[in-house]
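> Next up is a structure, given as C-alpha cells.
The values are calculated or read from the model by the stated rules, or taken from the named source; none is laboratory data. Everything numeric here is computed off the predicted structure, so don't read it as measured data. Every residue, glycine among them, receives a Cβ derived from its backbone with ideal geometry; neighbour counts consider all protein chains shown. Remember, those area values only see protein heavy atoms, side chains included, never the ligands or the DNA or RNA. Shrake-Rupley method; radii C 1.70, N 1.55, O 1.52, S 1.80 Å.
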Amino acid sequence: MNLQQIGGVAHEPRGTPCGVVVLTHGAGGSRESTLLHQVCDEWARRGWLAVRYNLPYRRRRPTGPPSGSGTADRAGIVEAIETCRGLADGPLIAGGHSYGGRQTSMVVACRRAQVQLLMLFSYPLHPPGKPERARTEHLSEITVPTVFTHGASDPFGTLGEMRAAAALIPAPTRVVEIVGARHDLRCKDVDVPALAVHAAMQLLEHK
C-alpha cells in the first residue's frame with residue numbers, strides 16, 4: 001500500500017520530519033478541502049510530514065455522501081494510518097474533519113490503530129437540531145490526548161456540548177473554540193490551523 005492507493009497527498013517539511021500527521025475529510029468533502037490543505041501546510045511548516053487522504057467511499061466516486069455503516073471507511077482509516085506510519089519516525093497523529101474525524105476516533109477507541117494524538121475538527125456531536133441523538137458513546141474508550149477544534153456557531157453541537165463531550169475522554173484534551181465559525185471552520189479573523197496545531201503540540205509536550 002502506498003499514498004496513491006489510499007488517495008493520499010503528502011506535505012513535506014524541510015529536513016527530517018519530527019513525526020507524521022494523517023488527516024481525512026468530512027462527509028461531503030475530499031482530501032482537497034481548504035481546511036485540510038491549510039492544516040497540513042501548518043504541520044509541514046513546523047517540521048512534520050502531513051498527509052491528507054480520501055476515505056474509501058470518496059475513492060470510489062468523486063461526489064456524494066458516504067453510505068452504509070462506515071465499516072469500509074474505518075478499514076480505510078486503519079490502512080491509511082499504517083501506510084503513513086512507515087513514512088517517518090516519531091509520533092503519529094491522526095484525525096480529520098467532521099465525519100472523517102468521527103470515524104477516526106472510533107478506530108482509535110476500539111484500538112484498531114495506535115496513534116499518539118487525535119486531532120478532530122468540527123466533531124459532529126449530533127445531527128443539527130437533534131441533540132438527543134448524541135454521537136459520544138465511544139469517547140470514554142479513547143485513551144490518547146485529543147484536540148477538538150470547534151466553531152461557536154456549529155449546528156452539529158454547541159461549545160458547551162463539545163466541552164462536555166471532551167470531558168468523557170480519560171486522557172488530556174483541549175477544545176479550541178473558534179468564535180464566529182460554523183461547521184466548515186472558516187473564519188477571516190482567526191488562524192484556525194495555527195491554533196489547532198499549537199494545541200496539539202502542547203498536548204504532545206505534556207503527554
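> Give the long-range amide H neighbours of residue 176: residues separated by 5 or more places, or on another chain, with amide H under 5 Å away, using H modelled in the peptide plane at 1.01 Å from N.
148, 149, 150
> Would you work out if the chain is rounded, prolate or oblate? Take a ≥ b ≥ c from the square roots of the eigenvalues of the alpha-carbon gyration tensor; rounded if a/c is under 1.5, else prolate when a/b is larger than b/c, oblate otherwise.
Cα axes put the chain in the rounded bin.
> Using DSSP H assignments, which helices in the chain have an axial alpha-carbon span of 18 Å or above and a mean Kyte-Doolittle hydropathy of 0.5 or higher?
Taking the DSSP H segments of the chain (at least 18 Å long, mean hydropathy at least 0.5), we get 192-205.
> With a ≥ b ≥ c taken as the square roots of the eigenvalues of the C-alpha gyration tensor of the stretch 1-103, please select rounded if a/c is under 1.5 and otherwise prolate if a/b is larger than b/c or oblate if it is not?
Prolate.
> Further question on the same structure: Could you work out what % of the accessible surface of the stretch 1-55 is carbon and sulfur, using a 1.4 angstrom probe and leaving DNA, RNA and ligands out of the count?
The C+S portion of the solvent-accessible surface of the stretch 1-55 is 43 percent.
> Continuing with the same structure: Using only Cα atoms, locate the centre of the stretch 15-46 and the centre of the stretch 164-207, then give the distance between them in Å, rounded to an integer.
Cα centroid to Cα centroid, the span is 15 Å.
> Taking a point 7 angstrom from the Cα of residue 82 along the C-beta vector, which residues in the stretch 90-105 have backbone N less than 18 Å away?
Within reach of a label on residue 82: 92-95, 104-105.
> Summing -39500 (n - 2.57) over the DSSP H runs of n ≥ 4 in the chain and dividing by its residue number, what mean residue ellipticity at 222 nm do you reach, to the nearest 500 deg cm²/dmol?
Helices in the chain give a 222 nm mean residue ellipticity of -9500 deg cm²/dmol.
> Springs between alpha-carbon atoms under 10 Å, Gaussian network over the chain: tell me which of 171, 196, 80 tops the mean-square fluctuations.
171
> Apply the a/c threshold of 1.5 to the C-alpha gyration tensor of the stretch 52-175 and tell me whether it is rounded, prolate or oblate.
It is oblate, given that a/c is not under 1.5 and a/b is not larger than b/c.
> Continuing with the same structure: Run the numbers for residue 168 and residue 186: contour at 0.36 nm per residue of separation, minus the present Cα-Cα distance, in nm.
Value of the extension gain: 3.8 nm.
> Rolling a 1.4 Å sphere over the protein heavy atoms, what is the accessible area per residue of the chain, to the nearest Å²?
44 Å²
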